[in-house]
Amino acid sequence: MNNLDLIKMALGNLLRRKTRTLLTILGVVIGTSSIVVMLSLGIAMDYSFKEQLSRMGSLNLIDVNNYGFYGEGIAPGGGKDLKLDDHAVNSIRQIQGVQGVMPIKTAYVRIVAGKMMGNLPVIGIQPELMEVFDFKVETGRLLMASDKDAIVFGKQITMNFYNPRLRNPQFGPMGPEPPKIDLMNNKLILTTSMEYGERRMAGVERDPNQKPPKLYKVKGVGILQESQSEKDYNAYMHMDTLQKILEESQRTEQGEGQRRRGSQQNDQYERVSVKVEDINQVEAVQEQIKTMGFQPFSLTDMLKSMKETSRKMQAILGGIGAVSLFVAAIGITNTMVMSIYERTREIGVMKVLGADLTDIRKLFLLEAGMIGFGGGLLGLVLSYLISLGLNKIGGGFLGGMGGNTGISVIPFQLAMAALAFSTIVGLVSGFSPARRAMNLSALEAIRSE
C-alpha cells in the first residue's frame, strides 16, 4: 500500500465515526489552547517587563560608579586604590563588545534666562559620543567638538526654572506646569553660585571678603526629545568647558585644603556610561568590569530577575495547561483501542490479503496523528481568539495592564511548537494501539465478529 492509500483509508475511518472523532479532537483542542493561552500570559509578562525597563533607559547601557565592588569576603575594590580616571576608561574601552565609553562629570549650577532662573544639573560629556549613546534632539542640534559655551537641554529641564521676583514662585515637579521659557533664544548666564540673583533679606549685609561669583555666558543649541529617562531632567555641555568652570569655581573657595582636595579629584569621573553592542553581551562585559574592581549596574540586572519570575510563572501556567493535553492524550489512546476492537475483522482481512505489518502500524499512527494535528490546529485558532478577547476586553477591565504588548502574546514560534507538540502527542498516544493491531493473529481476527 502506498502512502496516499493509507491517508485515504485513515480519513475514511475517522469520518465513519464522526461523533467519537469530534469528541476526541475536542479534547486535544482544549488541551492545546490551554497550554498556548497559559504560556502566552507568561510571554506577555516578559515583554511587559522589557517595555517597562526600556522606558527607564537603554538595556545596552552599563553605569560604572567611582566606588569599588563589594562582594562576599571582598573589600571595596578588591583592596585596590580605585580611580575612575582616563586609564580606567581606556581599560573599559578595550573590553570586547563595548561600542562606546562616555565618562561623565556633573555640576549643579544656576542658569539665569531673563527674569527666570533655575538650579539644575549640568553633565559634562564628550560631544562625539552623543549619537553613539542615542541622544536625539527635538529642536536645534547636538553638541559639537568645537562648542565651548553651548548647552543641550533635556525636555523637562524647564521645570527647574522659576521667577524669584514672585512672592510664592511655583516651580519644579510641584508646580502646576513648567514655566514658559525659551532656552534656545534667550541670553543665558551660568554660575556655580546658588545665591546669584536672589534678593537679600533686609538687614543682611554682604561679606566684604567674599569674592563675587564668576559668570559665564552660555547659549542653548538644542532641546532633546522626550525619552522618559534621566536625560529629560539634565543639561549637557562639553566636558572640557565644564571642567574649566569647576576649576575656576574651586579657586574662589576659601581654604587651601579645599583647593587641594578639589585638584586631586579633577582627574577622576563621577561615573562612566558604557554602551554595549549587543544586549546578550551586557552580562559578560559587566563581569569583566567587576574584575577591574568597579561596581557596574545595568537595567539587565533587573531584567534578569524579572525573567526568572516570568519563567516560573510560565512553568506553572504551562503545567496547568499540560494537564488538559494529558487528558486529551488518554482520550486519543482510548479512541484508538476502541477502534481496534471494532475493526478486528478488517485488520485480519488486510493481513490475509498481504498487507505489511508496517502498513497496519502506519494506518493507526496516521489516524492518531490526524487527530492530534487537527485538534492542535483548531486549538491554535481558539487560542488566538481567546488571546484577542483577553487583550481587547480583559485589558480594558485591568486598566491597560500589559502596556502596548497586551496581557496575552502568542509568538509564531509558540504556535508552531504547539501544533508540532499536539501532533506528537497524537502519534505517541496511537503507538501502543498500533502495535496491538500489528500483533493480532490474522486467523483469530477473521473469525471474530
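For D85, D232, the ranking by accessible surface with the largest value first comes to D85, D232, using a 1.4 Å probe. Amide H contacts of F161: G172, each under 5 Å away and 5 or more positions distant or on a separate chain (H built 1.01 Å from N in the peptide plane; Pro and chain starts excluded). Backbone phi angles across the stretch 229-245, fed through the Karplus curve with coefficients 6.51, -1.76 and 1.60 (θ = phi - 60°), yield HN-Hα couplings of 9, 5, 4, 5, 10, 10, 10, 10, 9, 4, 4, 5, 5, 5, 4, 5, 5 Hz in residue order; Gly and Pro are listed as x. In a DSSP loop and with at most 14 other Cβ atoms within 10 Å, the GluC sites (Glu not before Pro) in the stretch 274-342 are E277. A simple spin-label model places the labels of K8 and L166 8.8 nm from each other, with each point 7 Å out along Cα-to-Cβ. Rounded to the nearest whole Hz, the Karplus-based 3J(HN,Hα) values (6.51 cos²θ - 1.76 cosθ + 1.60, θ = phi - 60°) of the stretch 4-21 follow the sequence 5, 5, 5, 5, 5, 5, 5, 5, x, 5, 5, 6, 5, 10, 4, 4, 5, 5, with x at glycine and proline. In a fully extended conformation the segment linking V337 and V89 would gain 82.1 nm over its present Cα-Cα distance, using 0.36 nm per residue. Here the label points at M144 and K180, each 7 Å from Cα along the C-beta direction, are separated by 3.2 nm in the simple model. Only protein heavy atoms count here; on that basis, with a 1.4 Å probe, D301 has an accessible area of about 60 Å². On the beta carbon distance between V132 and T291, with R0 = 35 Å, the FRET formula returns roughly 0.90.
The values are calculated or read from the model by the stated rules, or taken from the named source; none is laboratory data. On a predicted model such as this, the values are computed, not experimentally measured, just so you know. Methodologically, a virtual Cβ is constructed for each residue, glycine included, from the backbone with ideal geometry; neighbour enumeration extends over all protein chains shown. When the accessible area is computed, the model is the full protein with side chains, heavy atoms only, and any ligands, DNA or RNA have been set aside. Shrake-Rupley method; radii C 1.70, N 1.55, O 1.52, S 1.80 Å.
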